[in-house]
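Below: the structure, in structure tokens.
The values are calculated or read from the model by the stated rules, or taken from the named source; none is laboratory data. Here the structure is a predicted model, which means the values were calculated and not measured. Cβ placement follows ideal geometry from the backbone for every residue including glycine, while neighbour counts extend to all protein chains displayed.
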Amino acid sequence: MTDDPSPIRVLIADDHPVMRDGIAAAIDSGRDMTVVGEAADGAEAIVRFRELNPDVALIDLQMPGVDGLQAISTIAGENPAARIIVLTSYPGDARVKRALTFGASAYLLKTATREEILAAIRSVMGGRRVVASEVAGEIASHAWSEMLNDRELSVLRLVATGHTNKRIADILCVSEDTVKARLKNIMTKLGAMDRTHAVTLARNRGFFDQ
């Protein structure tokens, strides 16, 4: 008679204690997995991953100090085989693509059921990638749209903080005509009606998360 396989060892990183407790309860309800550690921010997640070497890490994106994306990038950089599941309140195709590029294996929203979270953990353990259906739909809806480049993002971030075109030109050491040209490209790529709409769309899609 063979021994039962070892349970899947899971690390949870989220800055809300109640959320961590809820996730931990869901995971511990699965007979084939157990929570081995928790972290309240990205920096602690990195340290705890190094200490515990969990099979799977569930990481929120919005955390104080070192955020989830930075934590994912660092963990995956040090451990290319790391299995990381993003569990967040925020969809957005640009945000999702960045998380997967940085090393995440799955992307779930916090509206996920207990069964969906447990299934995702088992799936990434099996080498599969998981993206929540709502998130996959959003990615598909923007599949043919162009991503904003770094120069365009630098302009849009300054627009988001209320700067005029002239002030943006001064800060970036470019001409005002260059700023206007970049804004025109931004609004075309995002399908925005005006600069305020462009900021809203970019924020919702996760372009500012870097």
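For the range 20-36, which residues satisfy the criterion of being closer than 23 Å to P5 by Cα, crowded, with 19+ Cβ neighbours inside 10 Å and within 22 Å of the chain's Cα centre (by Cα)?
I23, A26, I27, V35
Of everything in the range 179-210 that's among the polar types (S, T, N, Q) and in contact (Cβ under 8 Å) with a residue 40 or more places away in the chain, which residue is farthest from G162 (Cα to Cα)? Talk me through it step by step, then tell me what you get.
Narrowing the range 179-210 to residues among the polar types (S, T, N, Q): 185, 188, 196, 200, 204, 210.
Filter once more, so that each one left must be in contact (Cβ under 8 Å) with a residue 40 or more places away in the chain: 204, 210.
Details: N204: 18, Q210: 19 Å.
Step by step, filter the range 179-210, then rank; the result is Q210.
Residues G92, G65: which one is of a type outside the set (S, T, Y), surrounded by 18 or more Cβ atoms within 10 Å (Cβ to Cβ), on the phi > 0 side of the Ramachandran plot and in contact with a Gly (Cβ under 9 Å, 6 or more places away or on another chain)?
When all the criteria are applied, what remains is G92.
In the range 155-170, how many are closer than 26 Å to G92 by Cβ, touching a helix residue (DSSP H, G or I) at 6+ places or on another chain (Cβ under 6 Å) and without any contact (Cβ under 8 Å) to a residue 40 or more places away in the chain? Show your work before the answer.
Within the range 155-170, the subset closer than 26 Å to G92 by Cβ is 155-163, 168.
Still in the running and touching a helix residue (DSSP H, G or I) at 6+ places or on another chain (Cβ under 6 Å): 155-156, 158-160, 168.
Those left that are additionally without any contact (Cβ under 8 Å) to a residue 40 or more places away in the chain: 155, 158, 168.
Going through the range 155-170 one residue at a time, the tally reaches 3.
Just name the residue that is surrounded by the most Cβ atoms within 10 Å (Cβ to Cβ) out of those in the range 155-187 that are polar (S, T, N, Q) and either modelled with pLDDT under 90 or not in a helix (DSSP H, G or I) (or both).
Among them, the one singled out is T164.
Quick one: R122 ticks every box in (1) surrounded by 20 or more Cβ atoms within 10 Å (Cβ to Cβ); (2) modelled with pLDDT of 90 or more except a single one, so which number is it?
So R122 meets the others, but not (1).
Anything in the range 117-142 that is in contact (Cβ under 8 Å) with a residue 12 or more places away in the chain, in a helix (DSSP H, G or I) and of a type outside the set (K, R)? List them, or say none.
If the condition is that a residue be in contact (Cβ under 8 Å) with a residue 12 or more places away in the chain, in a helix (DSSP H, G or I) and of a type outside the set (K, R), then I117, L118, A120, I121, S123, V124, M125, E134, V135, E138, I139, S141 are the ones that fit.
Could you say which residue among M63, M1 is over 13 Å from the mean Cα position of the chain (by Cα), modelled with pLDDT under 95 and not aromatic (F, W, Y)?
Sole residue among the options that is over 13 Å from the mean Cα position of the chain (by Cα), modelled with pLDDT under 95 and not aromatic (F, W, Y): M1.
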